[in-house]
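Every number in this text was worked out from the coordinates using simple rules, so none of it is lab data. Bear in mind that the values here come from a model prediction, so they are computed numbers and not experimental data. Because the Cβ atoms are built from the backbone with ideal geometry, glycine has one as well, and the counts that use them run over all protein chains shown.
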Amino acid sequence: MGGAAIISSPQRRTPESFDAAAAETRFANIAGGKQAPYSDVDNALILRALRRQADVVRLTPVVLPNGTVLETEVRFGAHAVSERVRKPPATGMIQVDLATENTLTVVRLLGKGEKATSPLKVKAARHHQPVDARTPQHGLHTKHGQLYPNLRKRFSRVGAVAVLCFLCQLFARFGAPVYCHWMTIEYEMPLNATKVETRYDLWNAHVKTENGKETEALETDDKKCAGDAFCEALVASSNTARDTTVVGVTSLLVAVPALVLARQSPRPHHGKLFAVLCLGLMLGGLVALAGAGNYRTEMTEAVEDHDVFDGQVCTVGCLLSILGGVAALVVGLLALVLHFAIPPRKLHLKSVRPT
């Protein structure tokens, strides 16, 4: 397939096509203030990448004593940035751990009597879109860079949405003091032509007349409604909404781990955990949406059956619950689909392939 592609794991032996100059020009990364020279193979890969003006080159993988495979790459010029380094260093080269985003500065080792100079100039990034840029293994890219963020950003964005949904359900459930009522009914008393306005939350009915205000607790047992259809519908829908907003409030159980993991270096198993959190967010949103939707449907029918009632069904509290449910369901579903369709990968730029 034409176009530049990320290189496969190179062999341990030095490729035959590397000339003798590769052995004379040496590179090292700086870790803990000390220089760690690269192997002959990695050194030759870096040199060839510089000669071809590549943006990035994958180094040979290293197997740690515990069996972990450490995969790194060196980025050049304007692309010498990572999650932890936002600006290219003076040397114009960095080494990035693809799993943890740990970043080290790369320098060229000086020969005897050689002056310290940068091995390349930091220049504007070339807009480059590889032929295989839309393949799942490389993620979705455009000429402006990655279109879908890495795993840490996915955690942070899902966590932020979960916090928003938590606040929506919290105010919907307990927000009566700040006028997060679920329904407002107005009617006129036939005896003295007095107008009565009643605001309902999930716990109480707040009655306002020309003589004052009072609060009455809602019934929780529809058997006490004495056959009143409006009362029975109100009790049943309020009980359901109370239960479903509890599930919506538990979206905090998604927000906390997501935001904690957003501040850590992702590990391989974190991808599965991200999928679990998305499922939890979707479930909470679906249940909360079902409860608020049921309240709106039931009370709309109940109000329409009483000609003397005139009011608004599903006001601020109900709308907040619906908003939180829709946001949780849509974002959770979209994040889950994109997570499997476009697995989180690191920056994929123009690279070189050893021959």
message = List residues of the range 61-75, by number, whose backbone nitrogen lies under 17 Å from a label position 7 Å along Cα→C-beta of residue 269.
response = 66-69
ask   = Counting only residues 5 or more places away or on other chains, whose amide H sits under 5 Å from the amide H of residue 94 once H atoms are built in the peptide plane?
value = 75, 106
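Summing Lys, Arg as +1 and Asp, Glu as -1, what charge do residues with Cβ under 15 Å from the Cβ of residue 323 carry, residue 323 excluded?
My count for the surroundings of residue 323 gives +2.
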inquiry  = Going by amide H atoms built from the backbone, whose H comes under 5 Å of the H on residue 70, apart from near neighbours?
reply    = 62, 63, 64
query = Expressed in nm², what is the orientationally averaged projection area of the convex hull enclosing the Cα positions of the range 153-341?
reply = 12.1 nm²
ask   = So how much slack lies between residue 157 and residue 259, counting 0.36 nm per residue of separation and subtracting their Cα-Cα distance, in nm?
value = 35.9 nm
ask   = Order of 299, 189 from fewest to most other C-beta atoms within 10 Å?
value = 189, 299
request  = Calculate, for residue 208 and residue 242, the FRET efficiency according to 1/(1 + (r/R0)^6) with r their C-beta to C-beta distance and R0 25 Å; round to the nearest 0.05.
outcome  = 0.60
